[in-house]
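Chemist: Here it is, the structure in full.
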Amino acid sequence: MPSTAPVVELNEVSKSYAEGDAVREVLSGVRLSLYAGEFVVLLGRSGSGKSTLLNLISGIDLPSRGTVRVDGRELVSLSEHQRTLLRRERIGFIFQAFNLLPTLTVEENIRLPLELTGRDSPASHGRVRELLDRVGLGNRAASFPDRLSGGEQQRVAVARALAHSPPLLLADEPTGNLDEETGRKVLDLLEGLTRQENACALIVTHDPDMVSRADRVLAMEAGRLVEREARA
Ligand code: ADP
Ligand code: MG
């Protein structure tokens, strides 16, 4: 067990949704600690609560019970504005739909997290160019997203998520819209970049290759988070 403080810490987290008169508990008593440098895969059937868990960790949503800490800060005790700032500065998020801004070029999309956190500078342009090269799009900096293939757009999203060097990367089925081979390349990049940056990554994916390469494999089962044997 690493001696440093966890990047993510969930304690007895439950989340319920009202469904008519009934209340349905999607997450029950979830405990989780994630550390810097860990590449973690999250499995679970559709509707099992994977996206709900990611939304709680990113502070987009709040738990019904329990505590969520990111970088040692308790999200429930923060204002919505403080949670937004924490998310911008400390988290990179990759969605299934690539969510690139259509009116910005590839390079501008990647630079956006740096601008939002006040870190856009001549020096940071070097980092953006390096990320562009790392995701194999060095020659597409000035292109607009609608001129790129799905795989290329998701590579831009990977670079954008990491642009501001967040300690935590969350990805929710990032290859769900890609064919198997393209998806594999995106996941390879994601793994390579997060390991290079010593970030902590929590990736929802069903890719068996990623499952075998993950440091830890978690699964949502009937509202509970269970740890599977990794690299068996
Ligand atoms: P997964 O990502 O594993 O497919 P989700 O976390 O999206 O699952 O959803 C888990 C369950 O919670 C589903 O049954 C879904 O319908 C329900 N759910 C998610 N968000 C809401 C919401 N805002 N209101 C009511 N029910 C919700
Ligand atoms: Mg989901």
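Chemist: Convex hull over the Cα atoms of the chain, averaged projected area in nm²? Show your work: numbers first, answer last.
Modeler: Numbers: hull surface 53.8 nm².
Dividing the Cα hull surface by four gives the mean projection, 13.5 nm².
Chemist: Related question: Carbon and sulfur together cover what percent of the accessible area of the chain at a 1.4 Å probe radius? Spell out each step's value before the answer.
Modeler: On the way: 5080 of 10940 Å².
After summing per-atom areas, the C and S share lands at 46 percent.
Chemist: Now a separate question. Out of all DSSP beta bridges in the chain, what portion is antiparallel? Express it as a percent rounded to 5.
Modeler: 55
Chemist: Would you please give the FRET efficiency between R129 and D209, computed as 1/(1 + (r/R0)^6) with r the Cβ-Cβ distance and R0 = 35 Å, to the nearest 0.05?
Modeler: Values: r = 29 Å, r/R0 = 0.84.
Working from the Cβ atoms, E equals 0.75.
Chemist: OK, next. Would you mind calculating the gained length between L101 and R195 on full extension (0.36 nm times residue separation, minus the Cα-Cα distance), in nm to one decimal? Don't skip to the answer; put the middle values down first.
Modeler: Details: separation 94, 0.36 × 94 = 33.84 nm, distance 2.67 nm.
Full-extension gain reported as 31.2 nm.
Chemist: Two decimals is fine: what's Rg over Rh for the stretch 147-218, C-alpha atoms, Kirkwood radius as Rh? Walk me through the numbers on the way to the answer.
Modeler: Numbers: Rg = 11.6 Å, Rh = 12.4 Å.
Reported Rg/Rh (Cα atoms, Kirkwood Rh): 0.93.
Chemist: A further question follows. Would you mind counting up the charge near G44? Only other residues with Cβ under 12 Å from its Cβ, with Lys and Arg at +1 and Asp and Glu at -1.
Modeler: That works out to +1.
Chemist: Which value, in Å², gives the accessible area per residue of the stretch 105-232 when a 1.4 Å probe is used on the protein heavy atoms? Mind showing how you got there, number by number?
Modeler: Details: 5640 Å² over 128 residues.
Accessible area per residue: 44 Å².
Chemist: So, in nm, how far is label A22 from label R147 when the simple model puts each one 7 Å beyond its Cα toward the Cβ?
Modeler: 5.2
The values are calculated or read from the model by the stated rules, or taken from the named source; none is laboratory data. These numbers were taken from a predicted model, which means no experiment stands behind them. Neighbour counts are summed over all protein chains in view; Cβ atoms, including those assigned to glycine, are modelled from backbone coordinates with ideal geometry. To get the accessible areas, we keep the full protein, side chains included, count just its heavy atoms, and leave off ligands, DNA and RNA. Shrake-Rupley method; radii C 1.70, N 1.55, O 1.52, S 1.80 Å.
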